[in-house]
Amino acid sequence: MSRSLILNKRAKAISFSLVHFIFLFSFSSILFFSSSCRLYKLEHELDPVNAEFISKVRYIIIKKERKIFLELPQSEREKFKEEFWKRRDPNLDTEENEFKMEYFNRIEKANGLFLSEGKPGWMTDRGRIYILFGPPTDRMSQPFGGDSYRRCREIWYYGGFPVLFVDSFCTGNYQLVTYDLSPIRELNLMYMQELSLAQARAQKTFAREKRFFDFNWSLKKNLVKTDRVEGIIFIEIPYGTIWYKAEDDRLKTTLDLHLELKDFENKLIWEYEEAFEIAMTEAELKERQNKMHKIEIPFILEEDLARLRQGKVMLHAVLKNRTGDEESKKVMEFPL
């Protein structure tokens with residue numbers, strides 16, 4: 001029997017449709033924390049409710065979603081959460097979101113099953129695999145030095161698909177092994193290969209869905225004096241996230257940009273608003289799919305700078321795409 005047929009049978013044996021949302025067990029999501037210092041800082045500034053959300057969904061949130069959530073204004077985050085779970089709801093015709101219910105049921109179950117590692121069960125390696133894959137079809141435990149290195153270990157099987165956990169000192173702290181110089185090395189490498197294929201299929205599936213309308217932004221100050229600050233706000237929008245409408249053999253849309261600079265008392269101190277038209281042929285769009293539409297906004301601040309430097313000044317941005325009525329909002333600190 002071919003490996004692909006074995007995987008098909010195994011998928012049917014798993015209790016819930018998590019496997020149908022195959023992107024859930026991308027290990028790029030499991031290695032959750034981004035190298036971006038800015039996003040790391042934003043996450044640590046979250047209020048307790050939103051911090052708990054971003055923590056609990058760490059195994060299923062993709063990098064793009066996490067970035068968008070952290071950059072959203074506080075007022076937009078509840079709406080994001082609703083859409084986050086709605087995208088994963090396998091049946092929109094029912095009141096319940098079966099995916100969400102099963103996900104949290106598995107977190108609760110993992111907390112009861114894996115108690116010996118000094119942290120909540122759902123945060124352990126075994127808990128993570130249990131949440132993403134469900135209970136294994138078979139579980140083999142080898143305690144008290146069960147391998148040639150005298151380590152304790154567990155092997156979970158999903159059909160013929162092995163997942164190996166090793167406790168190097170037999171203290172109850174099991175860690176997922178993704179490369180192991182042991183008798184099951186060949187099986188383990190096969191496991192990683194199949195996991196990589198699953199991840200590739202997941203990314204392809206997600207790419208066919210509507211992509212997030214988003215933008216990147218940064219700030220450069222060219223002049224900083226006691227009584228004057230000058231600089232440029234750079235905004236980049238991926239062409240691939242912009243929706244267009246066809247007019248006269250061209251693809252067109254208009255982006256509305258609104259910027260507000262507010263002081264520590266939330267008073268408006270600077271404002272900018274402009275509409276940017278984009279037009280190109282279909283061939284040009286194909287060439288630019290992985291490129292950025294760039295906007296540069298110069299600014300000059302001269303009034304009341306001494307008072308503004310006494311507290312945090314925040315820059316708010318709203319970018320709206322008239323085609324599809326999509327918009328993206330962001331806030332960043334504006335040091336003076």
- Item | Residue satisfying all of: in region 159-189; more than 20 Å from Gly127 (Cβ to Cβ) and among the polar types (S, T, N, Q); modelled with the highest pLDDT among these | Asn188
- Task: Mind listing just one residue for me: the one in region 305-320 that is surrounded by 17 or more Cβ atoms within 10 Å (Cβ to Cβ) and touching a strand residue (DSSP E or B) at 6+ places or on another chain (Cβ under 6 Å) and, of those, nearest to Gln74 (Cα to Cα)?
- Result: His316
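The rows are residues; the columns are (1) at pLDDT 90 or above; (2) of a type in the set (Phe, Trp, Tyr); (3) within 16 Å of the chain's Cα centre (by Cα); (4) in the same structural domain as Ser328 (by TED's automatic domain parsing).
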residue: Phe27; (1), (2), (3), (4): no, yes, yes, no
residue: Leu31; (1), (2), (3), (4): no, no, yes, no
residue: Leu39; (1), (2), (3), (4): no, no, yes, no
residue: Asp89; (1), (2), (3), (4): no, no, no, no
residue: Glu96; (1), (2), (3), (4): no, no, no, no
- Message: Among (1) under 30 Å from the mean Cα position of the chain (by Cα); (2) closer than 28 Å to Leu42 by Cα; (3) not small (Gly, Ala, Ser), there is one condition Leu285 misses while meeting the rest; what is its number?
- Response: (2)
- How do the pairs read when you match residues in region 299-315 that are farther than 16 Å from Leu223 by Cα and in contact (Cβ under 8 Å) with a residue 60 or more places away in the chain with residues anywhere that are charged (D, E, K, R) and surrounded by fewer than 16 Cβ atoms within 10 Å (Cβ to Cβ), using Cβ under 8 Å and keeping only pairs 6 or more apart or on different chains? Leu315/Glu333
- Query: Is it fair to say Leu285 is of a type in the set (A, V, I, L, M) and in contact (Cβ under 8 Å) with a residue 24 or more places away in the chain?
  - Reply: yes
- Query: When the residues of region 214-235 are filtered to those that are of a type in the set (D, E, K, R) and in a strand (DSSP E or B), which remaining residue is farthest from Leu257 (Cα to Cα)?
  - Reply: Lys225
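The values are calculated or read from the model by the stated rules, or taken from the named source; none is laboratory data. All values reported here derive from a predicted model rather than from experimental measurement. Neighbour counts run over all protein chains shown; Cβ positions are idealised from the backbone, glycine included.
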